[in-house]
Amino acid sequence: MTDSPSLAKQAEFPEGLEFLKLAESVAATCGDHTDQRLPEMGKSCPECLHNLGTMLSILYRLGSCHGRCRGGDHLIEYILGRTCSTALSALSLLRQGYYDEALSLARSIGETANLLTSFVKLPGRLEEWKHADARTRLREFSPVKVRLTLEEAKVPLPVDEERYRRLSSTATHVSPSIQPQLHNIVGIPTLGAMFQEIGAMVSLNETAWATGWAGVAGARLMELPAEEYSRLKGVAIDLLTSVGGLTILKSEEIRREYQQNLAASLEGTDEA
């Protein structure tokens, strides 16, 4: 008995360590291509990437007590350190074409940004959070509860309901309509490690937006010297203002507009 052609063809596809090596190689190629393309993608994209790098450098130093340690429980330092490592991970995934996963991490940073903002704007919330048991924290400080609390206090949210919902439905929650890595104008899902301009810009902008807000709120809670805080706040403003217009709030509309323009161009070709 011989193997069927379909089984023989499947056997040629690498498995085990060979598959992992292949996936890593393809992702590395995508990373190299991304590094070439990002600096060429308009004006806001290179500026945003530069400003994000500066903000992450500052957060890295704050999170590791580089140069100076303020003592205490280091809780805010730990949160900023985690924000930094999460953002760096999102950028690594972005480079490799894993945009859904990068956006999922951007959502996580956004949750942190909202939480830190609530600590800054609502006195007493930080101490409540620190001393609450696990059940109380889940009930009173969940991402939804934090958002509702900020809305009730009329505090502007770094990540509002619409942004959070888009990030969740696109990159986090599994639903019957799931289409992985769908960040292209032709509407083709992929398995990652393939450069997509829309995905790269959306992932960068969302990571930068959430990181900027988390950084400035965390620095405020650390009660840095005035000069240090002023510098970080300036970096945050530069970062947030360099975020481009292609965000998770606009990606679907922009892809639809591109598709319509493409369809119209093809119709014109048929008529000719």
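A few comments on the model shown:
- Just one of the listed residues (GLU111, GLU101, GLU77) is surrounded by 19 or more Cβ atoms within 10 Å (Cβ to Cβ), within 13 Å of THR211 (Cα to Cα) and in contact (Cβ under 8 Å) with a residue 24 or more places away in the chain, namely GLU111.
- Selection from the stretch 167-206 of residues that are farther than 11 Å from ALA102 by Cα, in a loop (DSSP other than H, G, I, E, B) and polar (S, T, N, Q): SER175, SER177, GLN179, ASN184, THR190, GLN196
- Among the residues of the stretch 38-69, those identified as loosely packed, with under 13 Cβ neighbours inside 10 Å and basic (Lys, Arg) are LYS43, ARG68.
- Test: residue in the stretch 191-206 that is out of contact with any strand residue (DSSP E or B) (no Cβ under 8 Å at 6 or more places or on another chain), farther than 18 Å from LEU38 by Cα and of a type outside the set (S, T, N, Q): yes
- The listed residue being over 26 Å from VAL26 (Cβ atoms) and modelled with pLDDT of 95 or more, out of LEU88, LEU157, LEU94, LEU105: LEU157
- Comparison of LEU62, LEU88 shows that the only residue that is assigned to a helix (DSSP H, G or I) and in contact (Cβ under 8 Å) with a residue 60 or more places away in the chain is LEU62.
- Boolean, LEU191 is of a type in the set (A, V, I, L, M, F, W, C) and touching a residue at least 12 places away in the same chain (Cβ under 8 Å): no
- Residue in the stretch 121-140 that is farthest from the chain's Cα centre (by Cα), counting only those that are farther than 18 Å from ALA210 by Cα, of a type outside the set (Asp, Glu) and surrounded by 13 or more Cβ atoms within 10 Å (Cβ to Cβ): ALA132
The values are calculated or read from the model by the stated rules, or taken from the named source; none is laboratory data. Keep in mind the model is a prediction, meaning the values are calculated, not measured. When we count neighbours, we look across all protein chains shown, and the Cβ atoms used for this are built from the backbone with ideal geometry, even at glycine.
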